[in-house]
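To start, the structure under review is shown below, and the notes come after it.
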Amino acid sequence: VFGADIGKTILYGLIVALPTAIIAGPLFASFIARRVPGTPSPELMEQLAHESEAGNLPSFSVTLVTVLLPVFLMLLKTFA
């Protein structure tokens with residue numbers, strides 16, 4: 001609609017998203033963990049801490065390649 005190149009848009013998005021994810025993820029979590037007191041209730045822990053069945057799932061590398069291959073190909077087209 002706007003005539004933007006998809007590859008450039010993804011590249012600029014990555015430039016913005018990676019530092020944002022670093023700041024909003026581990027840095028903010030370590031900052032806020034010291035300021036939010038409390039322990040979870042036993043009912044909540046029982047509900048969330050159950051063992052999931054990972055029977056016939058694909059490996060992490062196959063999943064990662066499947067997700068990132070189209071993005072990599074679009075970036076490769078932009079650089080070419």
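For the listed peptides 36-48, 20-32, 4-16, a ranking on the average number of other beta carbons within 10 Å per residue, highest first, reads 4-16, 20-32, 36-48.
Element breakdown for the chain at a 1.4 angstrom probe: carbon and sulfur atoms account for 72% of the accessible area.
For the chain, the longest principal axis of the C-alpha atoms and the axis of helix 60-79 are separated by about 30°.
Relative to the longest principal axis of the Cα atoms of the chain, helix 6-22 runs at roughly 30 degrees. The calculated pair-distance distribution of segment 1-59 uses every alpha carbon pair, bins of 10 angstrom beginning at 0, and gives 15, 19, 27, 26, 11, 1 percent. Calculated accessible area for the chain comes out at 92 Å² per residue, all protein chains present (probe 1.4 Å; ligands, DNA, RNA ignored).
The values are calculated or read from the model by the stated rules, or taken from the named source; none is laboratory data. If you're wondering where the values come from, they're calculated on a predicted model, not measured in any experiment. Here Cβ is always computed from backbone atoms with ideal geometry, including for glycine, and neighbour counts include all displayed protein chains. For accessibility, only protein heavy atoms count, side chains too; no ligands or nucleic acids. Shrake-Rupley method; radii C 1.70, N 1.55, O 1.52, S 1.80 Å.
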